[in-house]
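Only one structure is covered here, and it is reproduced in the block below.
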Amino acid sequence: MGETRKRGRKPKAPASTTETMDFQYTSASNATQTDYVAAQNDVFSAANDSVPTAAAAAKNDANNPAPARRGRGRPRKSEVGHMEDTEPHAAASPERRPYQNGAVVLEHPPQPVAKWESVAARVMPAMDAVVKVFCVHTEPNYSLPWQRKRQYSSSSSGFIIGGKRVLTNAHSVEHYTQVKLKKRGSDTKYLATVLAIGTECDIAMLTVSDDEFWEGVSPVEFGDLPALQDAVTVVGYPIGGDTISVTSGVVSRIEILSYVHGSTELLGLQIDAAINSGNSGGPAFNDKGNCVGIAFQSLKHEDAENIGYVIPTPVIMHFIQDYEKNGAYTGFPILGVEWQKMENPDLRLAMGMKSDQKGVRIRRIEPTAPESHLLKPSDVILSFDGVKVANDGTVPFRHGERIGFSYLVSQKYTGDTALVKVLRDSKILEFDIKLATHKRLIPAHTSGTPPSYYIIAGFVFTAVTVPYLRSEYGKDYEFDAPVKLLDKHLHAMAESTDEQLLVISQVLVADINIGYEDIVNTQVLAFNGKPVKNLKSLANMVDNCNDEYLRFDLEYQQL
């Protein structure tokens, strides 16, 4: 992909995002705390808002060989074992049972497919369910919160599922003003309604009220979580093309992955199929024609090639079932603790652990988490819902694989309870803990709501969010923002659910504030001697103030 970013058409280039992957080009090199950061790799979302130049199109053709060559050649490599032919025949509609780690297992495997059929041929019937998504976005201007930025357009991919619904990426319809869908081979764009946007998992659900849109299209069927080296075919509309594009590859890694748009860590698939701008929201099919994921971001780094990422079916099904269960998207819960590995033998002895006990030590507990009155720092988490946690924080996943125990937490729904077994003072205790969503002091996203602000005497007060930091300091805000704000962003915890970090973002010059013009992004600590909790409480205190002066106490003892 070229370095031309969607921000190029906007007045302020530094506003390009890192964590929120504006469906265009998004860098995660600063947004995550994984080894991607150490390598300063850039993770990009995949969508597009313009027709490519001839050079870009030529580059795309060079990077994406003809589907016939890769689609037919690569999958055969995975069929050497002839697994399909050795499996017994089964009923037309196989039974499914849940796998202990959230995947789905077939009780009776499907009928074998002749090995001479190519993956592309098996995927072909499902391709008609792939649609092109056109979106007009109008983003808030976080630096000037009373304004909005100039609207812009994007195109991405999506696919039809049961219940007259369409899935795509959340960053494909972020800050949407209008969304339209176009079916394969059609010349008509249909107005769509956004039903739910899951920012954490980067999935959005749409629907179309026009019955004509649903005629002659069969919804996509979901498959199981694939294994390593399983063939996958990514279908979508990359680089703004009007015809469907197919790239194929294999699953190269399954792990807890950093989701750039949502700033969360969930299960993800790494594949070696090309994922480019515009592929966002497109389905990834297995060799049986079932959807096993949604393309959503790729790794762009000088030392890496053809590394794309796919949202797997356990995460997709969690999103769909969450919406069906609650009528809205409620999010992925977290345990609300920071933990430390217990790999050091002396540390385990000091914590009173026996030789056969394994677990992780709790460092801190979020004050807003439901378990804050049950768990304590230095408790050792031994198991979660009956699954033992290892000293490095992993749990058994599938045969020969381990995965971070946060995966077990992410399989739960908001409001669910979990049985947590801990070691405290050499005693084993069990707690039923209610799981809730994450409440950050500095939110990673605003869930589509415009920013709040308050102006008095030319002082512009606003709450700090990650989009605000990105707007003020650009995509490298984690290097350029003030150290105190970054410390709060990375390490501070909210003491209550309504707590906000307030700053004076700027001073609009007037006679009343002469001498204060240089105050920029300085935290507000108190008003007339009373601590400031959030923007609403500050506005109420100022409105009800009868004192002679309005006294604002700022950090660094500024007044």
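A compact table of results
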item: Neighbourhood net charge (14 Å Cβ-Cβ; Lys/Arg +1, Asp/Glu -1) for I504; result: -3
item: Probe 1.4 Å, protein heavy atoms only - accessible area per residue of segment 127-214 in square angstrom; result: 36 Å²
item: Neighbourhood charge, 13 Å Cβ-Cβ cut-off, centred on C545 and excluding it, Lys, Arg +1 and Asp, Glu -1; result: -1
item: For L382, distant residues with modelled amide H under 5 Å away; result: K421, V422, L423
item: Förster radius 35 Å - calculated FRET efficiency between T417 and T207, Cβ distance, rounded to 0.05; result: 0.60
item: Where labels lie 7 Å past Cα in the beta-carbon direction, separation of H301 and A350 in nm; result: 3.3 nm
item: Separation of the R165 and K325 label points, Cα + 7 Å toward Cβ, nm; result: 1.3 nm
item: Globularity ratio of segment 127-214, using Cα Rg and 2.2 N^0.38 Å; result: 1.13
item: Potential lengthening between T193 and Q229 on full extension [0.36 nm per residue; Cα-Cα distance subtracted]; result: 9.2 nm
item: Solvent-accessible ranking of D224, D202, D518, largest area first, probe 1.4 Å; result: D518, D224, D202
item: Shape call, segment 265-344: gyration tensor on alpha carbons, a/c limit 1.5; result: oblate
item: Segments 184-191, 545-552 sorted - mean Cβ within 10 Å per residue, highest first; result: 184-191, 545-552
item: Distance in nm between pseudo-label sites at V136 and D432 (7 Å out along the Cβ direction from Cα); result: 5.2 nm
item: Alpha-carbon centroids, segment 532-554 and segment 219-268: separation in whole Å; result: 50 Å
item: Derived scalar couplings ³J(HN,Hα) [segment 363-379; Karplus, 6.51 cos²θ - 1.76 cosθ + 1.60; whole Hz; x for Gly, Pro]; result: 8, 9, 10, 5, x, 8, 6, x, 8, 4, 8, 9, 7, 9, x, 6, 5
item: Backbone HN-Hα couplings from phi across segment 387-394 [Karplus 6.51/-1.76/1.60, Hz, Gly and Pro as x]; result: 9, 5, 9, 7, 5, 9, x, 9
item: Dipole magnitude of segment 230-326, debye to nearest 20 (Cβ charges: Lys/Arg +1, Asp/Glu -1, about Cα centre); result: 220 debye
item: Residues with amide H under 5 Å from that of Q178, placed H, sequence gap 5 or more; result: V136
item: Dipole-positive endmost among Y413, S383, I365 within segment 337-435 (Cβ charges, Cα centre); result: S383
item: Whole-percent carbon and sulfur share, accessible surface of segment 230-326, 1.4 Å; result: 38 percent
item: For L257, residues with placed amide H under 5 Å, excluding near neighbours; result: L266, L267, G268
item: Residue-by-residue Karplus 3J(HN,Hα) for segment 454-460, coefficients 6.51, -1.76, 1.60, Hz, glycine and proline x; result: 8, 10, 9, 6, x, 7, 9
item: Simple Cβ-charge dipole of segment 391-460, Lys/Arg +1 and Asp/Glu -1, about Cα centre, in debye nearest 20; result: 20 debye
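The values are calculated or read from the model by the stated rules, or taken from the named source; none is laboratory data. Since the model is a prediction, treat every value here as computed from it, not as a measurement. A quick note on method: Cβ atoms are made from the backbone with ideal geometry, for glycine too, and the neighbour counts reach across all protein chains shown. When the accessible area is computed, the model is the full protein with side chains, heavy atoms only, and any ligands, DNA or RNA have been set aside. Shrake-Rupley method; radii C 1.70, N 1.55, O 1.52, S 1.80 Å.
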